[in-house]
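The values are calculated or read from the model by the stated rules, or taken from the named source; none is laboratory data. Computed from a predicted model, the values in this text were never measured in an experiment. Neighbour counts run over all protein chains shown; Cβ positions are idealised from the backbone, glycine included.
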Amino acid sequence: MVSVARSSSASLSTPVRASVRGLARAGRFAAIAVAMVALALGTTAPAVAGAKKTAVPASLKPWAGRWNGPEGLFLEIAPASKPGTVRIVLKDTLDDQATYVGRLDGDVIRFVRNGTAEAIRHGTGAETGFKWLAGKKNCLIVVEDKEGYCR
């Protein structure tokens, strides 16, 4: 946005003041237009030159991403900042959402939730215990017949 020092408005001629106001207004509209285009393209922040994008290791690819449960519940798995760990975002009740750090251990992801050791494994919708997910084939099971998420 264009800003003008306001030491003395009398020092600027009327056409110059109008031009400055017009540029400032155009700057606001340009910023709004850029924001609208970014939202339409699904990008909410501009890319920063030299910023590192966290690559998903091959061993984590079958796990990474968002997994949906019933009624808006979900599980998200992504690489964590420390090598060998994963970030788990878990909305496991309608009222709670928490972030955990886990680690890939063979064919499970291990993490601790509320003092209890948990293991996430691959399974089917029938193993989740939710009728809404019963027909799904690509799921993650946290607690068999009680808690699971599918794609």
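Just to be sure I understand, how many residues within region 51-67 are surrounded by fewer than 12 Cβ atoms within 10 Å (Cβ to Cβ) and either of a type in the set (A, V, I, L, M) or modelled with pLDDT under 85 (or both)?
Of the residues in that region, 6 qualify.
Taking SER81 as meeting all but one of (1) modelled with pLDDT of 95 or more; (2) under 18 Å from the mean Cα position of the chain (by Cα); (3) of a type in the set (Gly, Ala, Ser), write down the number of the exception.
(1)
Being part of a strand (DSSP E or B) and either more than 19 Å from PRO62 (Cα to Cα) or not assigned by TED's automatic domain parsing to the domain that holds GLY65 (or both) is the requirement here; does ALA126 meet it?
no
Under 9 Å by Cβ, and 6 or more places apart or on different chains, what pairs join a residue from region 87-107 that is more than 17 Å from VAL56 (Cα to Cα) and hydroxyl-bearing (Ser, Thr, Tyr) with one that is in a loop (DSSP other than H, G, I, E, B) and modelled with pLDDT of 95 or more?
THR93/LEU73
Only one of THR99, THR93 is within 23 Å of TRP132 (Cα to Cα), in the same structural domain as PHE130 (by TED's automatic domain parsing) and of a type in the set (Ser, Thr, Tyr). Can you tell me which?
One residue alone meets the criteria, THR93.
What's the number of the condition VAL101 fails, among (1) buried (at least 17 other Cβ atoms within 10 Å of the Cβ); (2) in a strand (DSSP E or B)?
Here VAL101 clears every test but (1).
Table: residues versus (1) without any contact (Cβ under 8 Å) to a residue 12 or more places away in the chain; (2) among the hydroxyl-bearing types (Ser, Thr, Tyr); (3) assigned to a loop (DSSP other than H, G, I, E, B).
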{"residue": "SER59", "(1), (2), (3)": "no, yes, no"}
{"residue": "TRP63", "(1), (2), (3)": "no, no, yes"}
{"residue": "TRP67", "(1), (2), (3)": "no, no, no"}
{"residue": "GLU71", "(1), (2), (3)": "no, no, no"}
{"residue": "LYS82", "(1), (2), (3)": "no, no, yes"}
{"residue": "VAL112", "(1), (2), (3)": "no, no, no"}
{"residue": "GLU118", "(1), (2), (3)": "no, no, no"}
{"residue": "ASP145", "(1), (2), (3)": "no, no, yes"}
